[in-house]
1. Would you mind finding the one in VAL293, VAL338, VAL321 that is touching an Asp or Glu at 6+ places or on another chain (Cβ under 8 Å) and either in a loop (DSSP other than H, G, I, E, B) or on the phi < 0 side of the Ramachandran plot (or both)?
2. Got a sec? Which of LEU365, LEU312, LEU352 is surrounded by 23 or more Cβ atoms within 10 Å (Cβ to Cβ), of a type outside the set (S, T, N, Q), at pLDDT 95 or above and touching a helix residue (DSSP H, G or I) at 6+ places or on another chain (Cβ under 7 Å)?
3. Among the residues that make up the stretch 353-369, is at least one of them touching a residue at least 60 places away in the same chain (Cβ under 8 Å), within 14 Å of the chain's Cα centre (by Cα) and not in a helix (DSSP H, G or I)?
4. So, VAL182, is that one assigned to a helix (DSSP H, G or I), without any contact (Cβ under 8 Å) to a residue 60 or more places away in the chain and not acidic (Asp, Glu) or not?
5. Please go through the stretch 217-246 and give me each residue that is without any contact (Cβ under 8 Å) to a residue 24 or more places away in the chain and either buried (at least 22 other Cβ atoms within 10 Å of the Cβ) or not small (Gly, Ala, Ser) (or both), ordered by number.
6. Would you check which residues across the stretch 35-54 are in a loop (DSSP other than H, G, I, E, B), modelled with pLDDT of 95 or more and over 19 Å from the mean Cα position of the chain (by Cα) and list them?
7. Only one of VAL274, VAL284, VAL321 is surrounded by fewer than 20 Cβ atoms within 10 Å (Cβ to Cβ), in contact with a helix residue (DSSP H, G or I) (Cβ under 8 Å, 6 or more places away or on another chain) and aliphatic (A, V, I, L, M); which?
8. ASP326 - would you say it is within 21 Å of LEU391 (Cβ to Cβ), loosely packed, with under 14 Cβ neighbours inside 10 Å and modelled with pLDDT of 95 or more?
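The values are calculated or read from the model by the stated rules, or taken from the named source; none is laboratory data. For clarity, every value in this text was computed on a predicted model and none was experimentally measured. Because the Cβ atoms are built from the backbone with ideal geometry, glycine has one as well, and the counts that use them run over all protein chains shown.
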Amino acid sequence: MATAQTEFNPFDPAVVADPYPYYRLMRERDPVHRNNSIRAWFLTRHADVDELLRDDRFSSDGTQGERYVPPPPGRGRPGRSMLVVDPPDHTRLRNLVSKAFTPRMVERLRPRIESITADLVEGLAGQPTADLISRFAYPLPVIVIAEMLGVPARDRAQFQEWSAVVVRGLDPFLDRATQDAVFDARDALIGYLRGIIDERRREPADDLITAMIAARDKGDFLSEGELVAMCNLLLVAGHETTVNLIGGGTLALLRNRDQLERFRREPALARTAVEELLRYSPPVQWTGRVATVEMELGGRRIAPHQSVVGILAAANRDPEVFEEPDRLDIGRDPNPHVAFGRGIHFCLGAPLAKLEARIALPMLLERFPDLRLAGEPEPRPTWNLRGLARLPVAL
C-alpha cells in the first residue's frame, strides 16, 4: 500500500486488477506520493490533479523530465503532436484543427453515428452470445473516425491492428520486445498516413485530412511532420478512449443492475449517464506532467524536471468532491470529473466520444432488454488505457 514508508507500484498485479482500493488509501495516507524507484510523484486528490492539469508551471513535454529516455537510433518521431507540446506550439496546433471538433460540428455527425450504431446492433440480433468489444464497442468509433479522416473501409482492419499495438506505448515501462513492436506498428501507421496525405494533396476530398492540409490560421499551416503526427493522434486517440468508454461503461452497468434498469427506463438520462460512466470507469487512468520550477504541492517539495502523475481515476472518486464516490449513479449532477483532463490539454475528441456513447448505450439496452454477462470479461494488457479486450454477453 502507498504510505510515506512504502511505494505505490501501479504495475503490481493486484493494483492492475482493481486499483480503486489503493487509490483510496493513497488519498487518505499519502496523497502527494513519491515513488523513488519509478522517479515520479503520484497525485490522488481532485484538487491536486486539477491544479496539475491547469497550472502552467507543469509542462506536457516529457523530454524535459528526469525519466526521459530517448528512442533508439532510427526510431525518432516524424513530428510532435499537440498532446506533448506546450504553448505557444500547442495553441497553434490546436487552433488549426479544433474547428472540426466543436460540439456543433460533432453534432452534425449524429445521423451517421445513429445509422452505424443501428447496423451494428442489428448485426448482433439473433445470436445467443457475442463479444461486445469486437462486435460493437470497437467498430463504432473506428468507422466514425476513419470516415472523418477519409481512411478507406478496406484498410480499417489493418488500422485497428496497428492502433492496438501503438497504444501500448502510452504505458511508461515496456519490455524491449513490446517497445520494438510499438515502434514497428507506429512506423507502419505513419507510412500509411503519409500515403493518404500525399493522395489527398493530389486529389482533395470531403474529409478531415483534406481540411487539415488546407487549414490556415493567420497565415500559418501544418508542416508535413505535424500533419502526420496529428492524423496519428486523431486516428489512435480518436477511437481508443471511446472503445474503453463504451465497453467499460457497459460492464459497469451490467454489474450495477439497478442503474442499468434505470437507464433502460429513462433513456433521457443519456447525458448524465455517460458523464457518470466516465467518472466511475474512466478510459484513461492517469496523465503525466513535468515540473518546470521548484514548488510545493500538498506539503511536499517538487523539484524542477521531476515527473508528476495525476491519477484521473483517483481524483474522480475523491469524497471531498463526489458524494458516495464508489457508487454508480447515472443521474449524478453536477459531475466535475476529470476523465478527459482539464485546461489547455482537455481532450479535443471529448464531444465526439460522448456523443457516440450517448447514442450507442441507449440503443444497445433498448434492443437487448435481457443483456447480461456470459463469461468473465478479459482486460486489455495496458495499464494507463484501462479497457477490455473481450466482453462476452448474452443477448
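1. Only one candidate passes the filter, namely VAL338.
2. Checking each option against the conditions leaves just LEU312.
3. No, the stretch 353-369 contains no residue that is touching a residue at least 60 places away in the same chain (Cβ under 8 Å), within 14 Å of the chain's Cα centre (by Cα) and not in a helix (DSSP H, G or I).
4. The answer is yes for VAL182.
5. Matches in the stretch 217-246: LYS218 only.
6. Within the stretch 35-54, ARG45 is the sole residue that qualifies.
7. On the way: VAL274 fails: surrounded by fewer than 20 Cβ atoms within 10 Å (Cβ to Cβ); VAL284 fails: surrounded by fewer than 20 Cβ atoms within 10 Å (Cβ to Cβ).
Exactly one residue qualifies, and that residue is VAL321.
8. no
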